[in-house]
1. Quick check on region 448-493: of everything there that is aliphatic (A, V, I, L, M) and assigned to a strand (DSSP E or B), which residue is farthest from residue 320 (Cα to Cα)?
2. Does at least one position in region 444-457 carry a residue that is within 11 Å of the ligand (Cβ to nearest atom), surrounded by fewer than 22 Cβ atoms within 10 Å (Cβ to Cβ) and under 14 Å from the mean Cα position of the chain (by Cα)?
3. Filter region 263-279 down to residues that are at pLDDT 90 or above and either among the aliphatic types (A, V, I, L, M) or part of a loop (DSSP other than H, G, I, E, B) (or both), then give me how many there are.
4. In region 232-245, what residues are of a type outside the set (Ser, Thr, Tyr) and in contact with a helix residue (DSSP H, G or I) (Cβ under 6 Å, 6 or more places away or on another chain)?
5. Kindly evaluate residue 96 against the criterion of being within 16 Å of the ligand (Cβ to nearest atom), closer than 30 Å to residue 339 by Cβ, at pLDDT 95 or above and of a type outside the set (Lys, Arg).
6. Could you check region 96-122 and list, in sequence order, the residues that are crowded, with 17+ Cβ neighbours inside 10 Å and in a helix (DSSP H, G or I)?
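The values are calculated or read from the model by the stated rules, or taken from the named source; none is laboratory data. Source: prediction; values computed, not measured. For neighbour counting, all protein chains shown are included, and Cβ atoms are generated from backbone atoms with ideal geometry for every residue, glycine included.
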Amino acid sequence: MEYVNILLGLLFACFLVREVVISVRRSSKRVAPGPYPLPIIGNLHLLGDKPQISLAQLAKKYGPIMNLKLGQINTVVISSSVLAKEVMQKQDLSFSSRFGPDALCACNHNDFSVVWLPVNNSQWRSLRKSMNSHIFSVNKLDANKHLRTKKMQELIDYCHKSGQNGEAVDIGRAAFRTSLNLLSNTIFSKDLTDPFSDSDKEFRELVWNIMAEAGKPNLVDFFPFLKKIDPQGIRRRLTNHFSKVLQLLSGLIDERLKEREMGNRENVDVLDALLSISPEEIDRKHIEHLYLDLFAAGTDTTSNTLEWAMAELLKNPHTLEKAQEELAQVIGRGKLVDEADVAQLPYLQCIVKEALRLHPPVSLLIPRKVEEDVELCGYTVPKGSQVLVNVWAIGRDSGIWENPLDFKPERFWESEIDVRGRDFELIPFGAGRRICPGLPLAIRTIPVVLGSLINTFNWKLHGGIAPNDLNMEEKFGITLAKAQPLLAVPIPL
Ligand code: HEM
């Protein structure tokens, strides 16, 4: 027992000495201001359960570039549009690596994943190129639009059924299933889940569980020396979920390869196109991991945006009426919105931008990392630092937005500001080399789903809640969710 105590004491002393050496080295560089770090935990205690809010408050005291110590990890937080532009446009290359969470090393996902590979890796470039040309180009998205339209009709049918029974729809859950099916039809040309029956919910639950697990704060990400122990078991559970998804995807790819061998395929879809790329460029394993990435990155983000946008509309009935008027005039009341209609619905587009401004689903972007010391606005960002961009804070910056906490889509009427990564006041999809590749799909599907829901039904908040009393509290995770699910009863128009 005594030996164990001595060993633990020695380990702790080594740890302290290492920390002192590192901080002495750092003090010779001019790092950005930030709160004083406590021994061992650094500034972790300041994050709380809503880091986007705590970091925004700290930025008011320390400024738009801040240096923190989260456990052992030096972290630089960017909280202004000017500095975000510096990081993601002017010095994009230096800030384009990812700071990968440990959990995503499950099934060696980090070695294949477009989200986590560094930008100088040739596989990353091939994957991005393939996504742009074979999945998210205008032509490709136009070609499989009819499959998404079918999924939209199923959502509306489901709402009709709930409305007839006087039952509330859990908007977030319904949006999640729809987003999953819109995506699987876009990249697989088929459903991976039966949309609204519970008989085949395994895949849906797997994706759901992956998001929940990956969103949990993991001690290993702050204290990498715990990596081997995986004290919360997050990597272990994710390994289990990832294996199941990868196995399912592998089975579907086998099926497709057989069909192709037998010459049974008339129409070439996204999967065919990816399987036709030479394996030296993208092999089968990369395709499986790419699909895993797409489901993880594209489902929750889309469904959360839809839930927040609906919540804001139900909280602001005047805005909802205005949107319904526009829809009635342009496409006619009671009809589904088609992807091609969106260009004629500017107010609906403003609503989506406003929802993304106030509720960016990836509120701190996906963490970046610097591989070398980088000079940024007179400060050194030390090699190996994690870099977070607080887009939540930028979206609520009163220096940019008038009455920033009000949901006011009209602010975009006369404004050229867009979400495509050129206007750093509004960057819910990030910007630069790492900008979200799924943006073209998201900005097609979100207005279509939202517009169709409000053009076919009036909505009453469940439980007689008055619009003003709707709880808008956020829950931080891998995406920024609504803490209390939005429940509303659809009443056919
Ligand atoms: C409202 C919807 C969405 C939002 C707000 C969103 C947001 C983001 C953000 C902030 C990033 C990181 C960007 C950066 O570091 O600068 C990202 C990356 C990514 N997103 Fe999205 N996303 C959405 C939908 C989608 C969809 C539909 C897909 C695919 C089906 C997708 C796939 C990806 C992938 C693969 C990456 C990683 C790219 C890389 O690191 O090279 N996202 N997304």
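1. Of all residues in region 448-493, those aliphatic (A, V, I, L, M) come to 448-450, 453-454, 461, 465-466, 470, 472, 478, 480-481, 483, 486-489, 491, 493.
Now narrow it down to the ones that are assigned to a strand (DSSP E or B): 461, 481, 487-489, 491.
On the way: 461: 13, 481: 21, 487: 17, 488: 14, 489: 15, 491: 14 Å.
Only one residue tops the list, namely 481.
2. No - not one qualifying residue is present in region 444-457.
3. Residues of region 263-279 that are at pLDDT 90 or above, as a first pass: 269-279.
In the following step, the residues that additionally are either among the aliphatic types (A, V, I, L, M) or part of a loop (DSSP other than H, G, I, E, B) (or both) were identified as 269-271, 273-279.
Here the count works out to 10.
4. Going through region 232-245, the residues of a type outside the set (Ser, Thr, Tyr) turn out to be 232-238, 240-242, 244-245.
Across region 232-245, the qualifying residues are 234, 235, 237, 238, 241, 242, 244, 245.
5. The answer is no for residue 96.
6. Filtering region 96-122 down to residues crowded, with 17+ Cβ neighbours inside 10 Å leaves 96-107, 109-110, 112-117.
Result: 102, 103, 104, 105, 106, 107, 109, 110.
Let's see how each residue does on (1) of a type in the set (D, E, K, R); (2) at pLDDT below 95; (3) part of a helix (DSSP H, G or I):
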| residue | (1), (2), (3) |
| --- | --- |
| 4 | no, yes, yes |
| 19 | yes, yes, yes |
| 31 | no, no, no |
| 35 | no, no, no |
| 59 | no, no, yes |
| 66 | no, no, no |
| 69 | yes, no, no |
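Every residue, every condition in (1) in a loop (DSSP other than H, G, I, E, B); (2) under 28 Å from residue 389 (Cα atoms); (3) modelled with pLDDT of 95 or more, yes or no:
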| position | (1), (2), (3) |
| --- | --- |
| 332 | yes, no, yes |
| 342 | no, no, yes |
| 354 | no, yes, yes |
| 365 | yes, yes, yes |
